[in-house]
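**Student:** Right, I'll just put the structure down here and ask away after.
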Amino acid sequence: MKDWSHILTHEGEDKEKYYNAIVPPIIQSSNFSFPSVEAFREGFRNELDGSIYTRGNNPTVAILRKKMAALEGSEDALVLASGSAAIAAAIIGNLSAGDHIICVQKPYSWTFKLLDQFLTRFGVEHSFVDGRSIAEIEAAIRPNTKVLMLESPNSLTFEIQDLKACAQLAQQHDITTIIDNSYASPYYQNPIDYGIDIVLHSGTKYLGGHSDVVFGVICAAKPMIQKIFSSEYMTLGACISPNDAWLVLRGLRTLPIRLEKISATTEKVVQFLKNHPKVDSVLYPFDKDFPQYDLAKSQMRGAGGLFSVNFKAESIEQMENFSNRLAKFFQFAVSWGGHESLQIPTCVFYNLQPNETPPLPFTFVRYYVGLEEPAYLIDKLSKALELL
Ligand SMILES: *Cc1c(COP(=O)(O)O)cnc(C)c1O
């Protein structure tokens, strides 16, 4: 068990360096000077751990890197300008022209585009597979497969991969395993414990936790972090600003209490919806009827605030009316992980583009539960459900 209290209160913080201030300062400086040629030379020798220039490393960002590595149990971590920047840097860092990557079906939309549209321009092949089946992953392995990209669970329909089995299979074939761990956060799942090589986060979600910062994280062993740092991190230059890193440090202090509260509320909301006559089904990894419930329980400590519902509705208009009735209480918005409850009703994708049928029915809604009280949310849902 990780020492959350130590990590979130003390890890990486060296107060004597900044007047014993309880809160670390925002070192809002792009550049750092050295007292001598020898010290300057030493700075160039280890840019990853020192402070030369803020595109590489910055003292405020360095505190966040240490906390993120401790939270995931990795040797080191990099913090980037967005989750997508972290995904791109980690994937590109482990591929060259002529290589092949296997990725789970239905990953985050920009992960899909990175493989399907961006990397194909540079001669990288890909296969999307049903990650629920180890046999299907194994069957997709080619002699030039270099990366297995996982996302467990994903953030819409929550398919889960057996992390230990994936890591073992990949190791046998010398394949690097990468996981997008945004859904669970490090508080609820630590893939490195199962042998996964690289753990990524859209920190924009639970880690920042207040819907006010966009950032991403890469956690891995030191040689992997050094490799990505010296190439993709420095070359593509998607660093986080010191100011944003400071906001994240503030948000992180309450990660456990936010997630405990969100999970407890979500369980009650899910139970209410499951028993409602207008609900066809609920998808939530920690619900006993979830198809991969046992696997979810075996590798995750909690499931947080994201779940999806399939309602019994007759028409798109009915779903629109029902969803609109909730607009103030489950706000219409993408993303998740902040203090406020949200919804993405699939009916929004109907009548969006001509001749395009969305893959999910108009009766399907993805919800995120924030820090509101369960009785408050259930009351609003209950009233809106009268419209169905
Ligand atoms: C939001 C999200 C991302 C992208 O992160 P950004 O910080 O928006 O770039 C990647 N993966 C998952 C699962 C996400 O939810």
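The values are calculated or read from the model by the stated rules, or taken from the named source; none is laboratory data. All figures in this text were calculated on a predicted structure; none of them were measured in a lab. Backbone-built Cβ (ideal geometry, glycine too); neighbour counts: all protein chains shown. Surface accessibility is based on the protein's heavy atoms, side chains included, excluding ligands, DNA and RNA. Shrake-Rupley method; radii C 1.70, N 1.55, O 1.52, S 1.80 Å.
**Student:** Checking the structure you have, find out if any residue of region 100-109 is among the hydroxyl-bearing types (Ser, Thr, Tyr), within 15 Å of the ligand (Cβ to nearest atom) and assigned to a helix (DSSP H, G or I). I'd like the intermediate steps shown before the answer.
**Tutor:** If we filter region 100-109 for residues that are among the hydroxyl-bearing types (Ser, Thr, Tyr), which is where we start, we get 108-109.
Next, from what is left, pick out any that are within 15 Å of the ligand (Cβ to nearest atom): 108-109.
Subsequent filtering for residues that are assigned to a helix (DSSP H, G or I) retains 109.
Within region 100-109, one or more residues are among the hydroxyl-bearing types (Ser, Thr, Tyr), within 15 Å of the ligand (Cβ to nearest atom) and assigned to a helix (DSSP H, G or I).
**Student:** Also, quick follow-up: Can you tell which of Leu200, Leu119, Leu148 is within 16 Å of the ligand (Cβ to nearest atom) and either over 21 Å from Gly337 (Cβ atoms) or not charged (D, E, K, R) (or both)? Quick ask: steps written out before the conclusion?
**Tutor:** Numbers: Leu119 fails: within 16 Å of the ligand (Cβ to nearest atom); Leu148 fails: within 16 Å of the ligand (Cβ to nearest atom).
Criteria check complete, one pass: Leu200.
**Student:** Is there a residue being among the aliphatic types (A, V, I, L, M), assigned by TED's automatic domain parsing to the domain that holds Gly203 and in contact with a Gly (Cβ under 7 Å, 6 or more places away or on another chain) anywhere in region 47-55? Walk me through it before giving the result.
**Tutor:** If we filter region 47-55 for residues that are among the aliphatic types (A, V, I, L, M), which is where we start, we get 48, 52.
Applying the additional criterion that residues be assigned by TED's automatic domain parsing to the domain that holds Gly203 yields 48, 52.
Remaining after also requiring in contact with a Gly (Cβ under 7 Å, 6 or more places away or on another chain): 52.
Yes, that holds for at least one residue.
**Student:** Another question about this same structure. Taking region 231-271, which residues are among the aliphatic types (A, V, I, L, M), open to solvent by 10 Å² or more (accessible area, probe 1.4 Å) and over 20 Å from the mean Cα position of the chain (by Cα)? Before you say what the answer is, go through the steps one by one.
**Tutor:** We begin by selecting, within region 231-271, every residue among the aliphatic types (A, V, I, L, M); these are 234, 236, 238, 240, 245, 247-249, 252, 255, 257, 259, 262, 264, 269-270.
Filter again for open to solvent by 10 Å² or more (accessible area, probe 1.4 Å), leaving 234, 236, 238, 247, 257, 264.
Within region 231-271, Met234, Leu236, Ala264 meet the criteria.
**Student:** Now, a different point. If you go through region 111-126 one residue at a time, how many are in a strand (DSSP E or B) and among the polar types (S, T, N, Q)?
**Tutor:** To start, the set of residues in region 111-126 that are in a strand (DSSP E or B) comprises 125-126.
From what's left, among the polar types (S, T, N, Q): none.
Total satisfying the criteria: 0.
**Student:** Go through region 75-87 and give me each residue that's more than 8 Å from the ligand (Cβ to nearest atom), open to solvent by less than 20 Å² (accessible area, probe 1.4 Å) and either charged (D, E, K, R) or not in a strand (DSSP E or B) (or both).
**Tutor:** Asp76
**Student:** I would also like to ask the following. Every residue in region 167-183 that is away from the ligand (no atom under 16 Å from the Cβ) and over 21 Å from Ile92 (Cβ atoms), please. Lay out the reasoning, then the answer.
**Tutor:** Let us first name the residues in region 167-183 that are away from the ligand (no atom under 16 Å from the Cβ), namely 167-177.
Answer for region 167-183, where residues must be away from the ligand (no atom under 16 Å from the Cβ) and over 21 Å from Ile92 (Cβ atoms): Ala167, Gln168, Leu169, Gln171, Gln172.
**Student:** In addition: Taking Lys106 as meeting all but one of (1) in contact with a His (Cβ under 8 Å, 6 or more places away or on another chain); (2) at pLDDT below 95; (3) of a type outside the set (Val, Ile, Thr), write down the number of the exception.
**Tutor:** (1)
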